[in-house]
Amino acid sequence: MSLTSIVDQLYVLPILFLSVVVHENAHGLIALWCGDPTAKQMGRITLNPIPHIDPVGTILVPLFSLLAAGRVFIAWAKPVPVNPLNFRNYRRDDILVSIAGPLSNLLMAGICTLTVAAIIGFHTLLGESFPDAAKLFLQFLINTFYVGIYLNVVLAVFNIIPVPPLDGSHIVASLLPPGIGERYRRIGFIGVFVVIFLMRVPVFDHIFSLVINTLVYPYALVLQMLT
């Protein structure tokens with residue numbers, strides 16, 4: 001993997017970091033709305049990335065993916081602290097807090113779509129009057145937000161997989177009878193290995209890719225209409 005190839009992929013990192021931070025903020029904000037101030041009290045409802053950095057998920061995994069494969073596949077931030085005992089309605093609010101993260105990524109994909117369209121329109125309006133440095137910067141922004149569309153859809157779909165500790169597992173656990181739901185939650189971090197195994201199963205990988213491509217299509221269609 002050449003240094004030039006790595007540098008060419010650096011535009012992925014800013015939007016990926018922003019997307020996982022927005023994801024965690026969404027959990028914290030909805031938890032606050034549902035009666036749990038834990039994330040706010042611990043300073044985790046902020047777009048400042050530093051409190052959200054997970055040494056493995058935010059730094060090591062993206063850099064390893066970049067060095068080993070030439071592109072970043074996935075990343076995650078440090079989960080916001082949530083105390084469900086503060087919820088007004090435990091089962092309902094746990095579902096709302098859990099689904100807020102994936103929905104925030106779908107919203108981010110929409111924002112990225114509109115941002116790409118705006119930058120392209122701005123560039124077209126001013127034509128060739130830009131200096132070369134400005135053209136390079138605009139292209140960097142277009143690349144960043146364009147890949148942000150796909151990345152955010154991937155983050156949304158990945159996190160909605162109903163395997164602990166992903167967001168989808170909280171939704172499933174809250175819909176199950178209480179005793180079964182609590183046992184399901186106890187799978188915990190072991191679920192990560194289950195997800196890794198599933199990703200290597202061709203049928204699951206095909207379904208995963210199909211869902212992502214289906215969800216990306218409306219954003220691509222809007223972008224095509226606007227540009």
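The values are calculated or read from the model by the stated rules, or taken from the named source; none is laboratory data. Please read all numbers here as calculations on a predicted model, not as lab measurements. Every residue, glycine as well, gets a Cβ built from its backbone with ideal geometry; the counts of neighbours run over all protein chains shown.
What number of residues in the range 180-212 are aromatic (Phe, Trp, Tyr), free of Cβ contacts under 8 Å to residues at least 40 places away in the same chain and surrounded by 14 or more Cβ atoms within 10 Å (Cβ to Cβ)?
First pass over the range 180-212, keeping only residues aromatic (Phe, Trp, Tyr): 184, 189, 193, 197, 204, 208.
Still in the list and also free of Cβ contacts under 8 Å to residues at least 40 places away in the same chain: 184, 189, 193, 197, 204.
Narrowing the set further to residues that are surrounded by 14 or more Cβ atoms within 10 Å (Cβ to Cβ) leaves 184, 204.
The qualifying residues number 2.
If I ask for residues that are within 22 Å of His206 (Cα to Cα) and outside any loop (DSSP other than H, G, I, E, B), which ones from the range 162-177 would you list?
The answer is Asp167, Gly168, Ser169.
From the set of residues in the range 51-89 that are assigned to a helix (DSSP H, G or I) and modelled with pLDDT of 90 or more, which is nearest to Ile212 (Cα to Cα)? Can you show your working first?
The initial filter retains those residues of the range 51-89 that are assigned to a helix (DSSP H, G or I), namely 51-52, 55-69, 84-86.
Remaining after also requiring modelled with pLDDT of 90 or more: 51-52, 84-86.
Values: Pro51: 29, His52: 26, Pro84: 30, Leu85: 34, Asn86: 34 Å.
Among residues in the range 51-89 that are assigned to a helix (DSSP H, G or I) and modelled with pLDDT of 90 or more, the one nearest to Ile212 (Cα to Cα) is His52.
Could you please find all residues in the range 191-227 being under 18 Å from the mean Cα position of the chain (by Cα) and hydroxyl-bearing (Ser, Thr, Tyr)?
Within the range 191-227, Ser209, Thr214, Tyr217, Tyr219 qualify.
Looking only at the range 79-96, which residues are surrounded by fewer than 17 Cβ atoms within 10 Å (Cβ to Cβ) and aliphatic (A, V, I, L, M)?
Leu85, the sole residue that qualifies.
Restricting attention to the range 150-161, does a residue exist that is assigned to a helix (DSSP H, G or I) and over 30 Å from Phe87 (Cα atoms)?
Among the residues of the range 150-161, at least one is assigned to a helix (DSSP H, G or I) and over 30 Å from Phe87 (Cα atoms), which makes the answer yes.
If Leu215 meets every condition in (1) surrounded by 11 or more Cβ atoms within 10 Å (Cβ to Cβ); (2) assigned to a loop (DSSP other than H, G, I, E, B) apart from one, which number is that one?
That leaves (2) as the condition not met.
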